[in-house]
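K.L.:
I am attaching a structure below and will ask some questions about it afterwards.
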Amino acid sequence: MKLIAVENLTQGMRVAKSVYKSNGSVLLSEGMVIKDIYIQKLKALNIKQIYVYDDEDNQNIIKRDTRDKAKDLVKNVINELNVSSEVHIDEIIIIVNQIIEEILSKDELFIRLEEIRAVDEYTFGHSVNVSVLSIITGACLGYTKEKLKELGIGAILHDIGKVRVPNSILNKPDKLTKQEFHEIKKHTIYGYEILKTIKDISETSRIIALYHHERVDGQGYPLSIKGDEIHEFAKIVSIADVYDALTSDRVYKKRIKNYQAVEYLLSMRGHQFDYNITKIFINNIALYSIGEGVILNTGEKGVVIKINRDFPTRPVIRILYDSKGDRLAKPTDVDLMFENSKVIIDTVDDIE
């Protein structure tokens, strides 16, 4: 860790030692990810320095440089397809292998979305996020490195068929017409056709592009296959694809909160998504960030101070305000694993 001046803090850094107010209450808990609003609070309270983790990359699922390079490589592949039928993916294979090595080097595969996001162009960043989420899920399923490689390559290129769909449809802010939706659904077939022309990609990697919008209940597209007819790789990517899309800002919709996206996955497992893979995926998602403000069904407000690894929907909360909205003289900690009558009903960015 290192001591750093508040004026030099940037978003994405992680607090290494808890920061306290003059009254002894916690302002920023250890492990919190720094946001602009927190920097402004520190300045307002005339706090000059705080401790942050020295090597930020060691706190991340993958290194920032790796993520950015992967995003640029996906962009290059798309650009190549716009001018030529030939695609070179040697570097894609290398970067996927690098992502796998970085993920497997971690002692704990627990996904905090802020650790893989922060990319500026949705299409390319989304492809990288889906690949990372898929590889982590595959690792939790006990996949070998070779299987993770096939999964990661297919995941990072799962939407490559969109290169043949008009941008006017892809970026349309309004509801798609029936004909436009029919056209966009073709990206699965287009993607498989493109990947078939690339000899260095396995059939199991290619099949992800074709199957990632299939549903286990048979109501998906383009083939309406169901259950075990859908390759397990595609089942994994389907979940990662929807989760990242729901929690990202899009041209036609605002993102929803992590816990709301998980609620959607839970409601659709056994229908849209494979039941067991969904369970594994959710168990490796950090629904709440350390220091995130929450509101309980009792009306109490507080901040998350600890994530229960096996029950991510039930973290430990430090209650700061009672049900009437009055500030507690002495905050109390509540472990939601053992307080069944209390549940989180919403998250908030700003809790003093």
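K.L.:
Taking the Cα centre of region 221-275 as origin and charging only Cβ (+1 Lys, Arg; -1 Asp, Glu), how large is the dipole, in debye to the nearest 20? Show your work: numbers first, answer last.
P.N.:
Numbers: 8 positive and 8 negative charges, 77 e Å.
In total the dipole reaches around 360 debye.
K.L.:
Dipole size in debye (nearest 20) for the chain around its Cα centre, Lys and Arg Cβ +1, Asp and Glu Cβ -1? Let's see the in-between values first.
P.N.:
Working: 49 positive and 53 negative charges, 160 e Å.
Value, rounded to 20: 780 debye.
K.L.:
Which value, in Å², gives the accessible area per residue of the chain when a 1.4 Å probe is used on the protein heavy atoms?
P.N.:
Working: 17120 Å² over 352 residues.
Here the residues of the chain average 49 Å² of exposed surface.
K.L.:
Let me ask something else. Rounded to the nearest 10 degrees, what's the angle between the helix 64-83 long axis and the longest principal axis of the chain, both from Cα atoms, 0 to 90?
P.N.:
Between the helix axis and the principal axis of the chain, the angle is about 30 degrees.
K.L.:
Nearest 500 deg cm²/dmol is fine: what mean residue ellipticity at 222 nm does the chain get from its DSSP H runs of n ≥ 4 alone, each adding -39,500 (n - 2.57), divided by its residue count? Mind dumping the intermediate values first?
P.N.:
Numbers: 13 runs with 145 residues, N = 352.
-12500 deg cm²/dmol, from helical runs alone.
K.L.:
Measuring from label point to label point, each 7 Å out along Cα→Cβ, what is the ILE47 to LEU3 span in nm?
P.N.:
About 1.5 nm, to one decimal.
K.L.:
Tell me which of VAL294, ILE280, SER202 sits at the most positive position along the dipole axis of the chain, charges placed on C-beta atoms (Lys, Arg +1; Asp, Glu -1).
P.N.:
Ranked along the dipole, the leading option is VAL294.
K.L.:
If you don't mind, another one. How far is helix 187-196 tilted, in degrees, relative to the longest principal axis of the Cα atoms in the chain, given as a value from 0 to 90 rounded to the nearest 10?
P.N.:
Between helix and principal axis, roughly 60 degrees.
K.L.:
Considering the dipole of the chain built from charges on the beta carbon (Lys and Arg +1, Asp and Glu -1) around the Cα centre, which of GLY12, ILE39, THR66 is farthest to its positive end?
P.N.:
Of GLY12, ILE39, THR66, it is ILE39.
K.L.:
Using the Kirkwood radius over C-alpha pairs as Rh, can you work out the diffusion coefficient of region 2-52 via Stokes-Einstein at 10 °C, viscosity 1.306 mPa s, in µm² per second? Could the numbers behind the result be given before it?
P.N.:
On the way: Rh = 10.7 Å.
It comes out at roughly 149 µm²/s.
K.L.:
For each pair in LYS35/LYS306; LYS17/LYS279; LYS178/LYS254; LYS48/LYS69; LYS63/LYS162; LYS172/LYS301, compute the distance between the two Cα atoms and list the pairs where it is over 29 Å.
P.N.:
Numbers: LYS35/LYS306 18 Å; LYS17/LYS279 33 Å; LYS178/LYS254 23 Å; LYS48/LYS69 35 Å; LYS63/LYS162 27 Å; LYS172/LYS301 39 Å.
Over 29 Å Cα-Cα: LYS17/LYS279; LYS48/LYS69; LYS172/LYS301.
K.L.:
Pop out the carbon and sulfur fraction of the accessible area of region 2-52 as a percent, whole number, probe 1.4 Å.
P.N.:
Whole-percent figure for carbon plus sulfur exposure: 46.
K.L.:
Here's something else I'd like to know. Select from ARG215, ARG314, ARG327 the residue whose mean-square fluctuation is largest in a Gaussian network model of the chain (Cα-Cα springs shorter than 10 Å).
P.N.:
In the Gaussian network model the winner is ARG327.
K.L.:
Quick one: pull the percent of accessible area on region 227-352 belonging to carbon and sulfur, 1.4 Å probe, ligands and nucleic acids left out.
P.N.:
On the way: 2930 of 6020 Å².
Carbon and sulfur: 49 percent of the exposed surface of region 227-352.
K.L.:
Under a crude label model (7 Å from the Cα following the beta-carbon direction), how far is MET268 from GLU91 in nanometres?
P.N.:
Using points 7 Å along Cα→Cβ, the separation is 3.3 nm.
K.L.:
Let me ask something else. Name the residue farthest towards the positive end of the dipole of region 292-348 from the options THR313, SER341, SER323, assuming +1 on Cβ of Lys and Arg, -1 on Cβ of Asp and Glu, about the Cα centre.
P.N.:
It is SER323, whose Cα lies furthest towards the positive end.
K.L.:
Right, here's the next one. Using a 1.4 angstrom probe on the protein heavy atoms only, could you order ILE93, ILE160 from most to least accessible area?
P.N.:
Values: ILE93 25, ILE160 5 Å².
Heavy-atom accessible area, descending, gives ILE93, ILE160.
K.L.:
Further, regarding this structure: If I take the Cα coordinates of the chain and project them onto the principal axes, what are the three extents in Å, biggest first?
P.N.:
Sorted from largest, the Cα extents of the chain read 65, 41, 41 Å.
K.L.:
Please state the charge dipole magnitude for region 2-52, taken about the Cα centre, from unit charges on C-beta atoms (+1 on K and R, -1 on D and E), reported in debye and rounded to the nearest 20.
P.N.:
For this selection, approximately 60 debye.
K.L.:
Something else now. To the nearest 10 degrees, how steeply does helix 90-104 sit against the main Cα axis of the chain, on a 0 to 90 scale?
P.N.:
Rounded to the nearest ten degrees, it is 40.
The values are calculated or read from the model by the stated rules, or taken from the named source; none is laboratory data. None of these values were measured; they are calculated from a predicted model. Glycine gets a Cβ as well: all are built from the backbone with ideal geometry, and neighbour counts include every protein chain shown. Remember, those area values only see protein heavy atoms, side chains included, never the ligands or the DNA or RNA. Shrake-Rupley method; radii C 1.70, N 1.55, O 1.52, S 1.80 Å.
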